[in-house]
Amino acid sequence: MSLSTRPAIGPPGPWTFPVPLASELPSGLRVLTHHLPGQYVVSVRVVVPLLVASEPRELEGIATLMSRLLDEGTLHHTPIEFAGLLERGGIGLGAGMTESALVIELDVPQRRLAQALDLLRQLLAEPAFPEAEVRRAVATRTSEIEQQRAHASHRAGLAFFEAFFDPAERASRPAGGTTETVGAVTRADLVAFHAERVGPLGATVVVAGDLTGVDATALVGDTLGRWTAPSHVPAPGPRAAVRAADAARIVVVDRPGSVQSELAVGWSGPDRHVTEPAGWAAYQVLSFVIGGSPNARIDAVLREEKGYTYGIRSAFRPRRVGGTFYTSGSVRSEVTVEALRLLLDILDGARSGYTVEEVRSGADFIGLTAPGRYATADAVAAETAGLVIDGLPSDFTTSNLAALGGLTPQVLRDAASAYLTGEWTVVVVGDAAAWLDGVRALGRGDVTVVPA
Amino acid sequence: MPLDYPIHERRLDNGLRLVVSPDPSVPNVTVNLWVGVGSRHEEPGRTGFAHLFEHLMFQGSRNVASGEHFSALMAQGARLNATTWFDRTNYFETLPRGAMDLALWLEADRHGHLLDAVTQENLDNQRDVVKEEKRQRYDNPPYGTALIEVYAALFPEEHPYHHATIGSMEDLDAASLEDVHAFFQRYYGPDNTVLTLCGDVEVDEAVAAVERYFGDLAPIDRMPRPPGPQLPPLSEPVRVERLETVPNDRLHLAFRLPVDPTQEYLASSFAVDIVAGLSTSRVGTRLVRTEQSAHRVDAHAMGLVDGSSIALISVDVAPGENPAGVEERVGEELDRFADEGPTPEEMEAVLAQAERAWLSSLASQEERADTISHTTLLHGDPGAVNTHLDRLARVSADDVTEAARTWLRSTNRATVAFLQAEAAAA
């Protein structure tokens, strides 16, 4: 047949985000399980509320170091023995900090789940923090800091948050700490920090996967249920980080020899609890319409029309309380000034109006991609853990998707205007000699130049 | 564990190979096409062309406007993209099942009738975009050109894997509209393509839909050149040093391996993991955990079909350590492993990790469809999704020892060292 006739679209099938089976163990550990037939690799997440902002100022990064050392030796196993148990057990393990929680991720084929959960208990309850491993973790983090500073996108992020948040805020400094603060952390500090901050009370474990023939709640009870932490003090509630009084300015990070300029532009945004003037769904659609695809407002001009960039992305990024609207990407050095001018114009336009077609395309993309985005055990576990971290109910994902249907151009405009003011924190990382005068001449804010 | 993903293979009269794998667990369908052309097919002076061409596939075709492929599919809830690699180019979208026909129609239009819409303006624009991709991924980051150097060091100049898929700026500049036409006519046709549909669709319905949109595409009757003969391992070390502004010294040690799919390739990939890939690997245990002369070691094998696969070990050298000494000790561990072979615990660990990785890669429809297209186009084996775990389990300790002795001795390495310019000058 001829291809001149475009086929019609059939209706999408019904779908909702799976609701977990919930229970609570005597220790105060909450258990959420998702039975997902056909997902042979079970994904486990443990969420322990722990605010990075509550680290001692002189030991910033201690929470990240602690998270990385949990599996480097336990009461009963040397570091290499424990690594062998994980590896021969078919287990993939990761641990790290968000701004408000310690998160352990574990993947394992279902038949090995019981052993994996017991190893999880050991690393949460009985980490040994051997002196040699502590020194190694500090050296690794120090090296990582140098690596990150050398990458333009990461360097831009560091400069952005340093300029955007008030200097008194923890959020203005790297979550993983600096060379100085990480270098000050001792084994005794880690042992004390772990004893006080990590325990089952208030923590949650999510188990997602094909649980056919497995009583996952009972299995968790027999393993993680034995996790005790007598000195544990549950984390205090989170609060918003305050923006710097002089956040609306331009920071240039001079990186001579760069063939591209990395741009980062941002301002305040909401967290996912937002209800007025619109719920979170409006901000997801705004992210998509402004900078979420090759046809979004930014790339339609900077990539598809001008060919200045491989791609620039914008997104509202929620924190536990409050958030940011952050845009980033790189352009070739020669067009830095023109690209920044165009980008700021497009971002300024975020407050001034949307077409029905834009609203529809964004809402449909987010709503209709949901079944695929949450189709694996890993993705379901990650989403449920994310709801736990942000203190959102289990039905948030589904109700938020339902809210997409009610969005209009006016709602998007109001939602954007509630946070965006036309002021921006701007960071440009690149070969400043090539374009600094032009950036100044844009008249978009005071310019400070710092070394890479 | 036995796997039983359904696999139904059909071949259209025009040569299109179609694989359907129904899975109603999510109301979605993945449409995944692998075209038998990659950077290994590029002519001298036209490196990077297969990838530049892939970009043009999003700029309109006979019945589709420029950029509309993305916008029309995203508006229906599709997640989509395309990638180019040494051996192939792939195009894919996952979308609600009610939009499957739209996806097939859009794919058929560009895979059959791209040239109606290609313009100099689109070519120039996407050339600029690809050059920014190269700058962003390769030219601007520290160590960004490492893989380009690795391939050049590991393979002779005339070998298809000598140059990286991204190509060179000069060659991208030289690409013309005539090249676009010739490339499309030579490589893009149903008889050089595999189409996999995975998801909430019945076999008969899928076959009928593919017939409806792809059935009229004309075959190109390409006579593909057979893959080159298996390259032997390097007989003596090759070394490339780059003095640059980098945060620490980094070593890349690369090796030729047997082609994929062979038991020898799987055995060699196990050897690579045991020596330097596992968290309990020999190099990691000695250099990272014990000596602390390195901050990090990574290793993996890339399976390829045209005369060689590739193993890559990368090591971040700790400050104050002599990179030559670190490299020598990596070599000692390679040679020791080749002499000793793996322990039972190492075999248990490598198999357990490979099993989880394989099962994880099949967890989503989109990755499963991609794997099916891969093994169908490059290995002629659509059912490999179900049999691969058995093949992994059949790799013996002796196979791993034999592979290490043949392919992974220290003398077989090509080293690309990125060293700190100031430290080297001191």
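The values are calculated or read from the model by the stated rules, or taken from the named source; none is laboratory data. Everything numeric in this text was worked out from a predicted model, so none of it was measured. Neighbour counts run over all protein chains shown; Cβ positions are idealised from the backbone, glycine included. These area figures cover heavy atoms from the full protein model, side chains too; ligands, DNA and RNA do not enter into them. Shrake-Rupley method; radii C 1.70, N 1.55, O 1.52, S 1.80 Å.
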Legend entry - Test: residue in the range A:273-285 that is among the acidic types (Asp, Glu), closer than 27 Å to residue A:398 by Cα and within 25 Å of the chain's Cα centre (by Cα): yes
Inset, instruction - Of the numbered conditions (1) surrounded by fewer than 23 Cβ atoms within 10 Å (Cβ to Cβ); (2) part of a strand (DSSP E or B), residue A:327 fails exactly one; give the number of that condition. - result: (1)
Inset, instruction - Please work out which residue is most open to solvent (accessible area, probe 1.4 Å), limiting yourself to the range A:233-266 and to residues that are assigned to a strand (DSSP E or B) and more than 14 Å from chain B (Cβ to nearest Cβ). - result: A:243
Inset, instruction - Starting from residues that are among the hydroxyl-bearing types (Ser, Thr, Tyr) and at the interface with another protein chain (Cβ under 8 Å from one of its Cβ atoms), keep the ones in the range A:296-316 and report whichever is most open to solvent (accessible area, probe 1.4 Å). - result: A:310
Inset, instruction - Show the residue pairs that are 6+ apart or on different chains and have beta-carbon atoms under 6 Å apart, the first residue being within the range B:311-335 and free of Cβ contacts under 8 Å to residues at least 60 places away in the same chain, the second being open to solvent by 20 Å² or more (accessible area, probe 1.4 Å). - result: B:333/B:282
Inset, instruction - Residues that are under 26 Å from residue B:58 (Cβ atoms) and not assigned by TED's automatic domain parsing to the domain that holds residue B:120: find the helices (runs of 4 or more DSSP H) completely inside the range B:136-190 holding 2 or more of those. - result: none
Inset, instruction - Would you be able to say whether some residue in the range B:384-393 is out of contact with any Leu (no Cβ under 9 Å at 6 or more places or on another chain), under 14 Å from residue B:34 (Cβ atoms) and either of a type outside the set (S, T, N, Q) or open to solvent by 40 Å² or more (accessible area, probe 1.4 Å) (or both)? - result: yes
Inset, instruction - Inspect the range A:106-117 for any residue being away from every other protein chain (no Cβ under 14 Å) and either touching a Gly at 6+ places or on another chain (Cβ under 6 Å) or open to solvent by 20 Å² or more (accessible area, probe 1.4 Å) (or both) and give the result as yes or no. - result: yes
Legend entry - Test: residue B:300 is surrounded by fewer than 16 Cβ atoms within 10 Å (Cβ to Cβ), in a strand (DSSP E or B) and under 22 Å from the mean Cα position of the chain (by Cα): yes
Inset, instruction - State all residues of the range B:267-285 that are within 11 Å of another protein chain (Cβ to nearest Cβ) and either part of a helix (DSSP H, G or I) or open to solvent by less than 10 Å² (accessible area, probe 1.4 Å) (or both); if no residue qualifies, say none. - result: B:273, B:274, B:277, B:281, B:284, B:285
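Per-residue answers, yes or no, for (1) open to solvent by 50 Å² or more (accessible area, probe 1.4 Å); (2) touching a residue at least 12 places away in the same chain (Cβ under 8 Å); (3) closer than 17 Å to residue A:16 by Cα; (4) basic (Lys, Arg):
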{"residue": "A:342", "(1), (2), (3), (4)": "no, yes, no, no"}
{"residue": "A:345", "(1), (2), (3), (4)": "yes, no, no, no"}
{"residue": "A:350", "(1), (2), (3), (4)": "no, yes, no, no"}
{"residue": "A:353", "(1), (2), (3), (4)": "no, yes, no, no"}
{"residue": "A:370", "(1), (2), (3), (4)": "no, yes, yes, no"}
{"residue": "A:393", "(1), (2), (3), (4)": "yes, no, yes, no"}
Legend entry - Selected residue (criterion: nearest to the other protein chains (Cβ to nearest Cβ)) from residues of the range B:10-25 that are within 16 Å of residue B:369 (Cα to Cα) and open to solvent by 10 Å² or more (accessible area, probe 1.4 Å): B:25
Legend entry - Test for residue B:45: is it in a loop (DSSP other than H, G, I, E, B) and more than 10 Å from chain A (Cβ to nearest Cβ): yes
Legend entry - Among the candidates B:315, B:330, residue that is outside any strand (DSSP E or B), outside the structural domain of residue B:85 (by TED's automatic domain parsing) and of a type in the set (Val, Ile, Thr): B:330
Legend entry - Qualifying position, being surrounded by fewer than 22 Cβ atoms within 10 Å (Cβ to Cβ), more than 26 Å from residue A:245 (Cα to Cα) and charged (D, E, K, R), among A:136, A:149: A:136
Inset, instruction - Six or more apart or on different chains, Cβ under 9 Å: which pairs go from a residue in the range A:123-152 that's more than 9 Å from every other protein chain (Cβ to nearest Cβ) to one that's of a type in the set (Lys, Arg)? Could you list them? - result: A:125/A:226; A:129/A:187; A:130/A:187; A:131/A:187; A:134/A:187; A:137/A:68; A:141/A:68
Inset, instruction - Only residues that are in a loop (DSSP other than H, G, I, E, B) and of a type in the set (Lys, Arg): list them for the range B:48-87, please. - result: B:62
Inset, instruction - Could you tell me which of the residues B:309, B:364 is within 14 Å of chain A (Cβ to nearest Cβ), closer than 30 Å to residue B:93 by Cβ and either hydrophobic (A, V, I, L, M, F, W, C) or surrounded by 22 or more Cβ atoms within 10 Å (Cβ to Cβ) (or both)? - result: B:364
